[in-house]
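Take a look at the structure set out below.
The values are calculated or read from the model by the stated rules, or taken from the named source; none is laboratory data. Bear in mind that the values here come from a model prediction, so they are computed numbers and not experimental data. Every residue, glycine among them, receives a Cβ derived from its backbone with ideal geometry; neighbour counts consider all protein chains shown.
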Amino acid sequence: MGRFWINLRWSLLGLLCIALALIWYAAVSEDRGGTLTVVFLNVGQGDAIFIESPTGAQMMIDGGPGKVVLRELGKIMPFYDRSIDLLLVSNPDTDHMAGFLDVLRSFKVNAVVEPGTVGASADYRSLAFAIEEEDARRIIAERGQRFNLGGGAYFEILFPDRDVSGFDTNDGSIIGKLVYGDTSFLFPGDAPSAIEEYLAYMDKERLNADVLKVGHHGSKTSTSEVLLGLASPAFAVVSAGKDNRYGHPHQEVLARLKQFEVETFGTYEYGTIVMESDGRTIRVTK
C-alpha cells in the first residue's frame, strides 16, 4: 500500500505540473500584447523563417537544408508545442525545403503552400510523401491569396500569378508579404531581378515594406535597385551560411543595400535574428 500511495502522489504531482504548464502557455498565448514575432533561423546556407501572430498562430516560410531547423525551433518553441499551422515552401530546392521533412515528422501541420514548380531532388519527392502521410492540406500558391494569421496579421501571395509548373525553380519562387498594422515584411524567395522587376511593374505600392528578406541568400542575381527603390525597407536580413562556397552575400548586393541606407543583418554573422512588431514599429534583437 505504501508504494501505491507514493506512486499515486508522484503521478498526481506530474499531472499537476503538466496542467500548470498548459495554463501558463494558454495565458501567454492570450496575452502576447499584440506582438507579431518573425524569427530568421540560423540554418546555415538556406532559408527558414518562423512566424507567430499576435494570437499565437504559427507559420514557417521554408525549412532550411536539413534537420538543423529542429534544433533552432527547439530554442524558440516550448517543448509541449508540437503543432505549426502553416508551412510555405518558397521553392522546391533543397536549401529551402529539406528541413520540412523533419518538421512534418515532428509537428502536426495543417497546411502546406507550394509554388507549383517541380523539384528534381529526392528530398522534394520525399516531401510530397511526407505531406500526404501527415494528411496536411496542399495549396498551390496563387497571386491574391491571403492567409489570415489572427490579430490582424496576414500573409499575402504576390507571385506566382500563373501556372509555373514549367518554370525554373528560382523563377517560380513564391513572393509574399507579411502585414501587421502599419508594419510589413517582404519575402521574395530566390526570385531573380527579372521577376522582381516584373512584379514592380504590377505592384509598385504593394512592394513597400519595413523589412526585406534579401533574395536568394544575397546572390547578385536578386535584390535589384528597382526592388530596393520600391520596397524602401528600413531593415534587411540575409540568410546564408558562414563562409559558404557561393560567396553569399555578394559584395555588390551589400553595396546596393548600403546605397539605399538599409540596416542589414546576416544569419552568417549574428545567428538567429528576431524581429517583433506591435503593428506600429519593429524591434530587432540579435
Give LEU212, LEU199 a once-over and let me know the one that is within 23 Å of LYS286 (Cβ to Cβ) and aliphatic (A, V, I, L, M). LEU212
Of those in region 68-101 that are of a type in the set (Ser, Thr, Tyr) and over 12 Å from the mean Cα position of the chain (by Cα), the residue surrounded by the most Cβ atoms within 10 Å (Cβ to Cβ) is THR94
Condition (residue is under 18 Å from PHE40 (Cβ atoms) and touching a residue at least 12 places away in the same chain (Cβ under 8 Å)) applied to region 100-109: is it met by at least one residue? yes
Just checking, does region 273-284 include any residue being touching a residue at least 40 places away in the same chain (Cβ under 8 Å) and basic (Lys, Arg)? yes
Members of region 77-94 that are without any contact (Cβ under 8 Å) to a residue 60 or more places away in the chain and more than 13 Å from PHE107 (Cα to Cα): THR94
Right, GLU225: under 22 Å from THR117 (Cβ atoms), in contact with a helix residue (DSSP H, G or I) (Cβ under 7 Å, 6 or more places away or on another chain), in the same structural domain as SER277 (by TED's automatic domain parsing) and at pLDDT 95 or above or not? no
Within region 142-155, restricting attention to residues that are within 22 Å of MET202 (Cα to Cα) and touching a residue at least 40 places away in the same chain (Cβ under 8 Å), which residue is surrounded by the fewest Cβ atoms within 10 Å (Cβ to Cβ)? PHE147
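Specify which of the listed residues (ALA194, ALA130, ALA231) is aliphatic (A, V, I, L, M), assigned by TED's automatic domain parsing to the domain that holds ASN110 and surrounded by fewer than 17 Cβ atoms within 10 Å (Cβ to Cβ).
Going through ALA194, ALA130, ALA231 in turn, just one is aliphatic (A, V, I, L, M), assigned by TED's automatic domain parsing to the domain that holds ASN110 and surrounded by fewer than 17 Cβ atoms within 10 Å (Cβ to Cβ): ALA194.
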Pick out, from region 171-286, the strands (runs of 3 or more DSSP E) lying fully within it that include 1 or more residues that are within 24 Å of PRO54 (Cα to Cα) and more than 17 Å from the chain's Cα centre (by Cα). 282-285
Within region 102-124, can one find any residue that is within 14 Å of the chain's Cα centre (by Cα), modelled with pLDDT of 95 or more and assigned to a helix (DSSP H, G or I)? yes
Is it the case that GLY33 is modelled with pLDDT under 95, of a type outside the set (Val, Ile, Thr) and touching an Asp or Glu at 6+ places or on another chain (Cβ under 9 Å)? yes
Would you call TYR180 surrounded by 24 or more Cβ atoms within 10 Å (Cβ to Cβ), at pLDDT 95 or above and aromatic (Phe, Trp, Tyr)? yes
